[in-house]
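Asker: I am attaching a structure below and will ask some questions about it afterwards.
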Amino acid sequence: MAINKDNIIVEGASGKFGKKLVFRQRGVLTIMSKAPKKTTKAPTTAQIEQRELFGEASIYAKSVIANPELKAIYQAKATGNQSAYNVAFKDYLTAPTCEFELSGYTGAIGDIIKLKIKDVIEVTNAVVSMYDAEGVLLEEGNAIQQDNLLWWNYTTTTENASLPGTRIVVKLTSFPGNVYEYVAIIE
């Protein structure tokens, strides 16, 4: 991939040049790359699933740029030559990260389970479910986002006398509405 810098001959060019080159516009840049080749192989199941996922991401990104309020949110996160469309596309495809901080959990009522959650835009909801070693639901509820926006806290409501094997399940809802599940098991 080559990026045009002050070449007046190709500046603003777009489309295929012969059978070897393709020119694209990204913001104010003209990008030149090798022309893509069509494959004769049938797509694998994984490729078909990935294409469907990309199609869903594209539909989501198009809906974002059609909504001025959402477009402004995504445009604020764009860097360099990214567009709101690019950031929305990435947000749809990228799962948030979730780190468990369990040092404050002793099994008592009122203990705090901390979750460090990062996402492209934001996570809109975090539901915590706790199960004992046999898989019986002990409690479930919403974690509360803290003022620094990175940490979420869940306050326990049930006593847990047997910590080993306790499974903590967190379901996160991302800004596009995708739901992701994270699990920590206390040893």
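The values are calculated or read from the model by the stated rules, or taken from the named source; none is laboratory data. All figures in this text were calculated on a predicted structure; none of them were measured in a lab. Ideal geometry is used to build each Cβ from the backbone, glycine not excepted, and the neighbour counts take in all protein chains shown.
Asker: Return the residue satisfying two criteria in turn: it lies in segment 91-108 and is closer than 30 Å to Leu70 by Cβ and touching a residue at least 60 places away in the same chain (Cβ under 8 Å), and of such residues it is surrounded by the most Cβ atoms within 10 Å (Cβ to Cβ). Please lay out each step first, then the result.
Answerer: Filtering segment 91-108 down to residues closer than 30 Å to Leu70 by Cβ leaves 91-99.
Now narrow it down to the ones that are touching a residue at least 60 places away in the same chain (Cβ under 8 Å): 91-92, 95-96, 98.
Values: Asp91: 24, Tyr92: 22, Ala95: 13, Pro96: 20, Cys98: 21.
Top of the filtered list is Asp91.
Asker: Please determine whether any residue of segment 6-28 is modelled with pLDDT under 95, in the same structural domain as Tyr154 (by TED's automatic domain parsing) and touching a strand residue (DSSP E or B) at 6+ places or on another chain (Cβ under 7 Å). Steps first, please.
Answerer: Initially, segment 6-28 is screened for residues modelled with pLDDT under 95, giving 6-28.
With in the same structural domain as Tyr154 (by TED's automatic domain parsing) added as a condition, the list becomes none.
No, segment 6-28 contains no residue that is modelled with pLDDT under 95, in the same structural domain as Tyr154 (by TED's automatic domain parsing) and touching a strand residue (DSSP E or B) at 6+ places or on another chain (Cβ under 7 Å).
Asker: Among all residue pairs at least 6 apart or on different chains, which show Cβ distances below 8 Å where the first residue, located in segment 125-153, is at negative phi and in contact (Cβ under 8 Å) with a residue 60 or more places away in the chain and the second is surrounded by fewer than 15 Cβ atoms within 10 Å (Cβ to Cβ) and among the hydrophobic types (A, V, I, L, M, F, W, C)?
Answerer: Listed by first residue and then by second, the contacts come to nothing, as the list is empty.
Asker: Could I ask something else about it? Among the residues that make up segment 121-132, is at least one of them at pLDDT 95 or above, under 16 Å from Leu102 (Cα atoms), β-branched (Val, Ile, Thr) and in contact with a Cys (Cβ under 9 Å, 6 or more places away or on another chain)?
Answerer: Looking through segment 121-132, none of the residues is at pLDDT 95 or above, under 16 Å from Leu102 (Cα atoms), β-branched (Val, Ile, Thr) and in contact with a Cys (Cβ under 9 Å, 6 or more places away or on another chain).
Asker: Answer yes if at least one residue in segment 63-79 is modelled with pLDDT under 95, farther than 21 Å from Leu172 by Cβ and under 20 Å from the mean Cα position of the chain (by Cα), and no otherwise.
Answerer: Yes: segment 63-79 contains one or more residues that are modelled with pLDDT under 95, farther than 21 Å from Leu172 by Cβ and under 20 Å from the mean Cα position of the chain (by Cα).
Asker: Among the residues of segment 69-87, is there at least one that is among the acidic types (Asp, Glu) and either surrounded by 15 or more Cβ atoms within 10 Å (Cβ to Cβ) or assigned by TED's automatic domain parsing to the domain that holds Lys171 (or both)?
Answerer: So far as segment 69-87 goes, no, none of its residues is among the acidic types (Asp, Glu) and either surrounded by 15 or more Cβ atoms within 10 Å (Cβ to Cβ) or assigned by TED's automatic domain parsing to the domain that holds Lys171 (or both).
Asker: Another question, then. So is Leu53 within 22 Å of Thr94 (Cα to Cα) and touching a residue at least 40 places away in the same chain (Cβ under 8 Å) or not? Write out each step before concluding.
Answerer: Details: within 22 Å of Thr94 (Cα to Cα): yes; touching a residue at least 40 places away in the same chain (Cβ under 8 Å): yes.
When the stated conditions are applied, Leu53 passes them.
Asker: Inside segment 133-187, can you point out the residues that are assigned to a loop (DSSP other than H, G, I, E, B) and within 27 Å of the chain's Cα centre (by Cα)?
Answerer: Of the residues in segment 133-187, the ones assigned to a loop (DSSP other than H, G, I, E, B) are 133-136, 143, 146-150, 156-166, 175-178, 186-187.
Within segment 133-187, Ala143, Gln146, Asp147, Asn148, Leu149, Leu150, Phe175, Pro176, Gly177, Asn178, Ile186 qualify.
Asker: Kindly indicate whether any position in segment 159-174 is at pLDDT 95 or above, in contact with a Cys (Cβ under 8 Å, 6 or more places away or on another chain) and crowded, with 20+ Cβ neighbours inside 10 Å.
Answerer: For segment 159-174, residues at pLDDT 95 or above, in contact with a Cys (Cβ under 8 Å, 6 or more places away or on another chain) and crowded, with 20+ Cβ neighbours inside 10 Å: present.
Asker: Let me ask something else about it. Of these, Ile113, Ile117, which one is surrounded by 15 or more Cβ atoms within 10 Å (Cβ to Cβ), over 19 Å from the mean Cα position of the chain (by Cα), of a type outside the set (Phe, Trp, Tyr) and in a strand (DSSP E or B)? Full working, then the answer.
Answerer: Details: Ile117 fails: over 19 Å from the mean Cα position of the chain (by Cα).
That would be Ile113, the only listed residue that is surrounded by 15 or more Cβ atoms within 10 Å (Cβ to Cβ), over 19 Å from the mean Cα position of the chain (by Cα), of a type outside the set (Phe, Trp, Tyr) and in a strand (DSSP E or B).
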